[in-house]
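Each remark here refers to the structure printed beneath this line.
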Amino acid sequence: MHKDRDAALVNGCLSGDRRAMSQLVSQYQRPVFNAAYRILGNMDDAADATQTVFLKVFEHIADYDQKHKFFSWVYRIAINESLNQVKKRRTQEPLDDGQASPRQGPAEALDTKRICKRVQAALMLLNNDYRTVVVLKHISGCSYQQIGEILQLPEKTVKSRLYSARQLLKKSLQAEEAEN
Amino acid sequence: MNEQNHTARTPVDQRILQLLNSSIDGEINVVDQQELDHLLATSQSTRDLNDELREVTRALDELPEIIPPKYLQDTIERQVRLPVENKGAENKPGDFGSWINANWLRTGFAVAAGVLLTVGVYEMGSGPIPAGDSASMSGTIGSNSVNSQKGELLDRINLESELFSGQVELRTHNDLFTLNVELESDGASELVIKFAGRGLEFESADSPQDAADTVSVIDGSIHLANNGEQNYVLNLRRVPGTDYPESLGLEFFANSQLIQQSELRISHSKSK
């Protein structure tokens, strides 16, 4: 993504430059938060996870191997932390993330909200392996290769999980639609 | 792979799924695309499957981006210690850190702190806390540093009205709950923090400003009477043996009128 800039900022952090740290947080907090939110399904858990992710990132930044992409390293920590939170999670709160476009009318906005809720609910029914690849592909916009790097899986496994996850989502959404 | 591994597919199905998914993701080569084009042109079931999968992926792609809470970046930055800073913070022989580690000196500081707190209690007790109400108060009041950033952030409420503004932040560390309160008002205002029956007891309060600004603890509520700009740090402690607290009630008054009621949430803490 911004490999050279990231490398410069990481070096800045290693020499104690807090502005470099601030820029890295600013650059990655939104994607990390969004990935965590889609894995965990609520804002509070996602905020907790994001906070912990960055504390870990900067605690271990001296160990980061600059041969690898910084974003892959951050995402790996983010996914691991989100999955850790899944294990000790509290009861799920109802999702309310249908942020409709300002151009939409009230009826369209309501539809968007309903669809988002349905999709996120279906996402939460997937197991962690499937949900993780779907989030990295569709929320974080990663390629098969990048997902493989982040999860340290062969591309073949990434594809297999992603395709199966989509099939399951399709079935889940169809079943839900049939019920209503 | 696991319980979610759905029904077995024929090799042909698998091949079609692979081609469709690769095409949807834009990661298909020319030869495979030609094979898929042929299948789509000749098979209705492949076309149906293609439509369904594209609908699912479109729905996923259209999930809105969620804006993180505004406090998040600030909270992260305040907590991060960079490696160089950490090294600087480590104790070196001969520096103040190694002195403070000496047991006898630590004991000396504890005694000094105790004297300061006692003075604080005396000043507070002789001032704003009405006689008879002091029985409701359990804890100490010091008067030095404010705006403690220690502990995990649980919740934050921002206040914006014509009469006053500010914010109240709740943090926790072990069984201690710290409220950082920043208030600014044009005239007389009051913040009441209700903790009675919520498994919490008053521990201490800090405020560096003058004595005209008062903190009093009455019947399970902390009352902050405010005029102008004021910061407070209030500490509450969990009552042993009670259920984990869920929330704190806040009431904001201006000119003796209730302006806003809010709840600071505790229960989502992972330290449960």
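Just so you know, all these numbers are worked out from the coordinates, no wet-lab data involved. For clarity, every value in this text was computed on a predicted model and none was experimentally measured. Positions of Cβ are generated from backbone atoms using ideal geometry, with glycine treated the same way; all protein chains shown enter the neighbour counts.
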Average beta-carbon neighbours from other chains, 10 Å sphere, peptide A:163-171:
6
How big is D for chain A, in µm² s⁻¹ as a whole number, if Stokes-Einstein is applied with the Kirkwood radius of its Cα pairs at 10 °C and 1.306 mPa s?
90 µm²/s
Round to the nearest 10 and give me the degree value, 0 to 90, for the angle of helix A:43-59's Cα axis relative to the longest principal axis of chain A.
20 degrees
Tell me, what is the percent relative contact order of chain A, built from C-alpha pairs under 8 Å that lie six or more residues apart?
20 percent
0 to 90° range, to nearest 10: angle between helix A:18-40 axis and chain A longest Cα axis:
30 degrees
Quantify how strongly other chains surround peptide B:73-79 by giving the mean number of their Cβ atoms within 10 Å of each of its Cβ atoms.
6
For each pair in A:LYS69/A:LYS117; A:LYS56/A:LYS156; A:LYS56/B:LYS70, compute the distance between the two Cα atoms and list the pairs where it is over 28 Å.
A:LYS69/A:LYS117; A:LYS56/A:LYS156
The stretch A:1-93: relative contact order from alpha carbon pairs under 8 Å, six or more residues apart, as a whole percent, is 32 percent
